[in-house]
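Contents: one structure, followed by commentary.
What follows draws every value from the coordinates through simple rules; no lab data is involved. The model shown is predicted, which means the values in this text are computed figures rather than measured ones. No Cβ is skipped: glycine too gets one built from the backbone with ideal geometry, and neighbour counts run over all protein chains shown.
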Amino acid sequence: MISFSKEDVIIVTGASSGLGEGTALLLNQLGATVVGIARNKERLNKMKEKCKNPENMHIEIKDLTENIETLPDYVKELKNKYGKFRGLAYCAGIVEVKPLQILDLSAMKKIFDINYFAPIFMAKGFADKRNNTGKGASAVFISSIAGLQSDKGMITYSGSKAGLAASIKSIAREQAAKGIRFNCVSPSDVITSMTSGILGLKETKANLYPMGFGEVSDVSNMIVYLLSDKAKWITTQNYVIDCGYM
Ligand SMILES: NC(=O)c1ccc[n+]([C@@H]2O[C@H](COP(=O)([O-])OP(=O)(O)OC[C@H]3O[C@@H](n4cnc5c(N)ncnc54)[C@H](OP(=O)(O)O)[C@@H]3O)[C@@H](O)[C@H]2O)c1
């Protein structure tokens, strides 16, 4: 059985909603101390109200895109406040469906900021040996099957997720000798506030999922496993969680 102790301090970004919220709650339930990050204080507080061990759930209000290059300093500040990190689950992200004819650079940059640049700079902060617990520390990033198989209108989102998975692989190879593991998960459609916002998704894709759309726990269980010592020999991977969609 997977379990953590309260000395296992784990950052979860995107903790106010969907997959990040589910991951934060599960880690907390299994005994870890969680530092949950997002912009929306009200939703973070609601998440905290649901958690099993509120004394081990800390929330931090932060727009991860506001000064991306300083994110390693931000991780260091959090380390000074909460202790060295045993794990990082990067679950923040946004999606926008926009075909080529209406693409604009500023909207593309906005998506890349939170889906690609911010996770890389959070990884940089986490990989700094002054900020992590050393051998056995583990980081997991949510990419997407959109990074492996693009649909219409997903030019930017798919690019950001493919880039993230490729770059995390490189970081994983750099960090392996230190015993620090980096992996990605690539889910397909899980019903969260993100997918509920995509018009017609449920109607057009229902027949592609013989077991129904994914649930948050289908992804959070895999993230938690990869963060745990049960996965101590697993690094550099990108796990598809898609009910056979691809
Ligand atoms: N749901 C799916 O089907 C699916 C499939 C494949 C991949 N994914 C990926 O999984 C991740 C989570 O998706 P989800 O479905 O859980 O989405 P969600 O419910 O919309 O949650 C997104 C989270 O990201 C946070 N966030 C967004 N922009 C931020 C910023 N600038 N600074 C800090 N936090 C920010 C949001 O918090 P605030 O708004 O409070 O800041 C929220 O907690 C995303 O990367 C998504 O691309 C999802």
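Numbers at a glance
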| read-out | value |
| --- | --- |
| Potential lengthening between ILE234 and GLN149 on full extension [0.36 nm per residue; Cα-Cα distance subtracted] | 28.2 nm |
| At R0 = 25 Å, FRET efficiency that the Cβ-Cβ distance of ASN40 and ILE191 yields, to 0.05 | 0.85 |
| Helix-only mean residue ellipticity at 222 nm for the chain, each DSSP H run of n ≥ 4 adding -39500 (n - 2.57), per residue, nearest 500 | -11500 deg cm²/dmol |
| Förster radius 30 Å - calculated FRET efficiency between THR204 and ASP104 (Cβ-Cβ, nearest 0.05) | 0.75 |
| Between the stretch 125-198 and the stretch 60-109, the alpha-carbon center distance in angstrom | 12 Å |
| nm² value of the averaged projected area, convex hull over the Cα atoms of the chain | 12.7 nm² |
| Amide H partners (placed H, <5 Å) of PHE182, local residues excluded | ALA139, THR236 |
| Other-chain or far-sequence residues with amide H under 5 Å of ILE241's (modelled H) | SER186, SER188 |
| Kirkwood-based Rg to Rh ratio, the stretch 8-97, C-alpha trace | 0.95 |
| Charge dipole magnitude, Cβ of K and R +1, D and E -1 - the chain, Cα centre, debye nearest 20 | 640 debye |
| Most mobile listed residue (ALA231, ALA139, ALA118) in the chain, GNM with C-alpha springs under 10 Å | ALA231 |
| Trypsin sites (Lys or Arg not before Pro) within the stretch 133-211: DSSP coil, no more than 12 neighbouring Cβ in 10 Å | LYS135, LYS152 |
| Against the rule of thumb 2.2 N^0.38 Å, how large the Cα Rg of the stretch 108-214 comes out | 1.23 |
| If the convex hull is drawn through the Cα atoms of the stretch 45-190, its volume per residue in Å³ | 127 Å³ |
| Under 14 Å from the SER3 label point (7 Å along Cα→beta-carbon), backbone N, the stretch 19-47 | 29-32 |
